[in-house]
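As structure tokens, the structure follows; a few thoughts come after it.
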Amino acid sequence: MTRALRTVLYRCHVESGARFGPYAGYEMPIQYQGVLAEHRAVRERAGMFDVSHMGEISVRGPRALSLLQGLTPNNVDALAPGRAHYSALLTARGTFIDDLLVYRLGEEDFLLVVNAASRARDLELVQAAAQVEEDVRVDDLSGETALIAVQGPEAAGIVADVVGSEASELRYYSFLQQASEGRLVSRTGYTGEDGFEIYTPNESAETLWLELLERGGDRGLVPAGLGARDTLRLEAGMMLCGQDIDETTTPIEAGLSWMVKWKKGDFVGREALARQRQGGCRHRLVGFEVVGRGIARHGHRLTVSDRPGCAGPVTSGAFAPTLGRAIGIARVDCGDGDVPEPGAAASVEVRGREIACRIVKLPFYLRPKTSGG
Amino acid sequence: MIPDDRLYTEQHEWLKLEDGEAVLGITDFAQQELGDVVFVEMPAAGQAFEAGFEIGAIESVKAVAEIYTPVGGTVKETNSQLEDAPELVNEDPYGEGWLVRLQLSGEGPDDLMTASEYESLLAAG
């Protein structure tokens, strides 16, 4: 077993009293004061996450656009410089190798932000494609780039204080580049709240972290770990790659068909997805909430009532702090039938006991609408 | 401080013996390891258990810990406060956060630790 990697912010986490756990080969902060308090801070005020384990791959050159059009299902051509979108790397079967963000830095300059666990494979894929498409330069910037996410209703004010007021003008899924700092500030996140993700060179990460913590303290900013990140993203109905979606799941099955753009040209997985679009798919990811007493967890089995055979494994399950009840996502086999409707009765088996559940629409939690963001 | 009026298991449970009955809970170390407790699954009153069997589970936001009884007995009472306030397990593991009261069947307890032995176990990591 190789030694776990640490992010450049490791010392800051120790200082803040973090408890660490292994994640994608890294020793990451799981919690500081506690998952519930950190979760609440992000929903009500602000929380800050070190997600430097994420991978960053630069793709540049005259053929960069056509390379990414061929590799990802979303329409990169429609992405204006200064904007980002959610997309994926798929197998020929249309299933997820990874989900990712594509940032368009310039006409011929893109940044892919990928999951740590699949970074090496993603990089290989992009590099292999770049061998075919000449005039594309691929660089793995993961090792030199730190990523700090500031999330919550107070995030805009805090981030504006530290990186400049132009940050608070950003629209959702827009970003700005601060060349002098080598920094990219993006209005994106994985919590269901307004928020920012700040990409910064390793050398300046600690200073930025400490400054955010200091300037944000008055507004309730606290460091938050991967524990809260997981409950926050699940409430927001966001998929975790490698857990909810993987090489057995397509975007259509995952309810992410909006990321598949049919009017663009060919891309990896298109044929398989087109078949599913025509003929439907057996497996679907559905959201559910636990009605009875108990908590469904990853690996438990959800069964939809009155639908023989309509069942499957829970891919994510947790107590949802904001909702005050247990929720989850399950991958159910619908056979030739329809996807179970929201409201449909179901049950999950936990330690030999059947617990009543109900199918619900994703997301579980939608933040109250405010101006901006 | 680890209370010295009770016994401890290697699974970080405590057992307080009083007049043929035993009260069972988890230790401060256990609740810290688990993190925020959000649900406690308890046995029904009247259910009988042999020593070493699982009698319930404690769920935190991030993990599940099964609870095993180190003694045989019949469930007399469970801590009903935990239904609405599972966080008592975190806040007061040796007091208000107790789990189950058992009527001892006479089986066990064997091999339980005293407070100072348990403290050494924790110190040894």
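The numbers here are math on the coordinates, done by the rules we state, and not lab data. Nothing here was measured: the structure is a model prediction, and the numbers come from that model. A quick note on method: Cβ atoms are made from the backbone with ideal geometry, for glycine too, and the neighbour counts reach across all protein chains shown.
Taking a virtual spin label 7 Å from the Cα of A:E206 along the C-beta vector, which residues in the stretch A:1-45 bring their backbone nitrogen under 15 Å of it?
Only A:6-16 pass the distance filter.
A:R3 to A:D333: extension gain in nm, 0.36 nm per residue of separation minus the Cα-Cα distance?
114.9 nm
Between B:D111 and B:E33, what length comes free when the chain is fully extended (0.36 nm per residue of separation minus the Cα-Cα distance, one decimal in nm)?
Taking B:D111 through B:E33 to full extension adds about 25.8 nm, to one decimal.
From the phi of every residue in the stretch A:263-277, what ³J(HN,Hα) in whole Hz does the Karplus formula 6.51 cos²θ - 1.76 cosθ + 1.60 yield, where θ is phi - 60° and glycine or proline is x?
7, 7, x, 6, 8, 4, x, 4, 4, 4, 5, 4, 5, 5, 5
Residue-wise, which Karplus ³J(HN,Hα) couplings in Hz belong to the stretch A:230-235, taking 6.51 cos²θ - 1.76 cosθ + 1.60, θ = phi - 60°, and x for glycine or proline?
Along the stretch A:230-235, the couplings run 5, 5, 5, 5, 5, 4 Hz.
Could you work out the Rg to Rh ratio of the stretch A:320-373, with Rh taken as the Kirkwood radius (inverse of the mean 1/r over all Cα pairs)?
For the stretch A:320-373, the value is 1.07.
Spin-label point model (7 Å from Cα, Cβ direction): what's the A:E271 to B:D5 distance in nm?
Computed distance between label sites A:E271 and B:D5 equals 7.5 nm.
Picking from A:A224, A:A156, A:A78, which is most flexible by a Gaussian network model of chain A using Cα springs under 10 Å?
Evaluated over chain A, the most mobile residue of the options is A:A78.
Residues in the stretch B:1-17 near a label at B:D92, defined as backbone nitrogen under 19 Å from the 7 Å Cα→Cβ point?
B:1-6, B:14-17
In whole Hz and in residue order, list the ³J(HN,Hα) couplings for the stretch A:189-198 that follow from phi through the Karplus curve 6.51 cos²θ - 1.76 cosθ + 1.60, θ = phi - 60°; x for Gly and Pro.
My calculation for the stretch A:189-198 gives x, 9, 10, x, 10, 4, x, 9, 10, 10 Hz in order.
State the Kirkwood hydrodynamic radius of the protein assembly as shown in Å, one decimal place, computed from all pairs of distinct Cα atoms.
Kirkwood hydrodynamic radius for the protein assembly as shown: 24.7 Å.
Classify the stretch B:33-97 from the C-alpha gyration tensor, please: rounded if a/c falls under 1.5, else prolate or oblate depending on whether a/b exceeds b/c.
Verdict is prolate for the stretch B:33-97.
Multiplying the sequence separation of B:T74 and B:Q103 by 0.36 nm and subtracting their Cα-Cα distance, what value in nm do you get?
Details: separation 29, 0.36 × 29 = 10.44 nm, distance 0.51 nm.
Residue separation times 0.36 nm, minus the Cα-Cα distance, leaves 9.9 nm.
Is chain B best put as rounded, prolate or oblate by its Cα gyration tensor, with a ≥ b ≥ c the root eigenvalues, rounded for a/c under 1.5, and otherwise prolate when a/b is larger than b/c, oblate when not?
It comes out oblate by the Cα gyration axes.
Roughly speaking, what is the centre-to-centre gap between the stretch A:56-113 and the stretch A:286-321 when only Cα atoms are used, to the nearest Å?
Taking the Cα centre of the stretch A:286-321 as reference, the centre of the stretch A:56-113 is 34 Å away.
Work out the FRET efficiency for A:D77 and A:R325 from their Cβ-Cβ distance, taking R0 = 41 Å, and round it to the nearest 0.05.
0.45
With r defined as the distance between the Cβ atoms of A:L141 and B:D19 and R0 fixed at 56 Å, what FRET efficiency is calculated, to the nearest 0.05?
That pair, A:L141 with B:D19, gives E of 0.25.
For A:D98, what residues show an amide H to amide H distance below 5 Å, using hydrogens built from the backbone and excluding near sequence neighbours?
Distant-sequence amide H within range of A:D98: A:L89.
When a/c is below 1.5 the answer is rounded, else prolate if a/b is larger than b/c, else oblate, so apply that to the stretch A:71-145 with a ≥ b ≥ c taken from the square roots of the Cα gyration tensor eigenvalues.
Verdict is rounded for the stretch A:71-145.
Please list the non-local residues whose amide H lies under 5 Å from the amide H of B:G97, H modeled 1.01 Å from N, same-chain partners needing a gap of 5 or more.
Residues meeting the amide H criterion: B:D92.
Stokes-Einstein diffusion coefficient for the stretch A:195-235 at 4 °C in a medium of 1.567 mPa s, Rh from the Kirkwood formula over Cα pairs: what value in µm²/s? Don't skip to the end; give the middle numbers.
Working: Rh = 11.8 Å.
Rounded, D is 110 µm²/s.
Given the pairs A:K263/B:K62; A:K263/A:K361; A:K261/B:K62; A:K264/A:K361, which span a C-alpha to C-alpha distance of over 32 angstrom in this model?
A:K263/B:K62; A:K261/B:K62
Diagonalise the Cα gyration tensor of the stretch A:102-203 and give the resulting equivalent ellipsoid semi-axes, square root of 5 times each eigenvalue, largest first, whole Å.
Details: eigenvalues 151, 42, 31 Å².
Output for the stretch A:102-203: semi-axes of 27, 15, 12 Å.
Give me, ordered by chain and number, the residues 5 or more places off A:L362 or on other chains with an amide H under 5 Å from its own placed amide H.
Those qualifying (amide H under 5 Å, at least 5 residues apart or on another chain) are A:G287.
Using a 7 Å offset from the Cα along the Cα-to-Cβ direction at both B:A48 and A:Q243, what is the distance between the two label points in nm, to one decimal?
Computed distance between label sites B:A48 and A:Q243 equals 4.2 nm.
With +1 on the Cβ of every Lys and Arg and -1 on the Cβ of every Asp and Glu, and nothing else charged, how large is the dipole of the stretch A:234-343 about its Cα centre, in debye rounded to the nearest 20?
That gives the stretch A:234-343 a dipole magnitude of about 140 debye.
Which residues in the stretch A:214-248 have a backbone N closer than 18 Å to a point placed 7 Å from the Cα of A:R121 along the Cα-to-Cβ line?
A:239-248
Principal axis lengths of the stretch A:260-373 from Cα atoms, whole Å, largest first?
That gives 49, 46, 22 Å along the principal axes, largest extent first.
Label-point separation (nm) for A:S305 and A:S180, each offset 7 Å from Cα along Cα-to-Cβ?
6.4
Using +1 on the beta carbon of Lys and Arg, -1 on that of Asp and Glu, and nothing else charged, what's the dipole of the stretch A:238-279 about the Cα centre, debye to 20?
Approximately 360 debye in magnitude.
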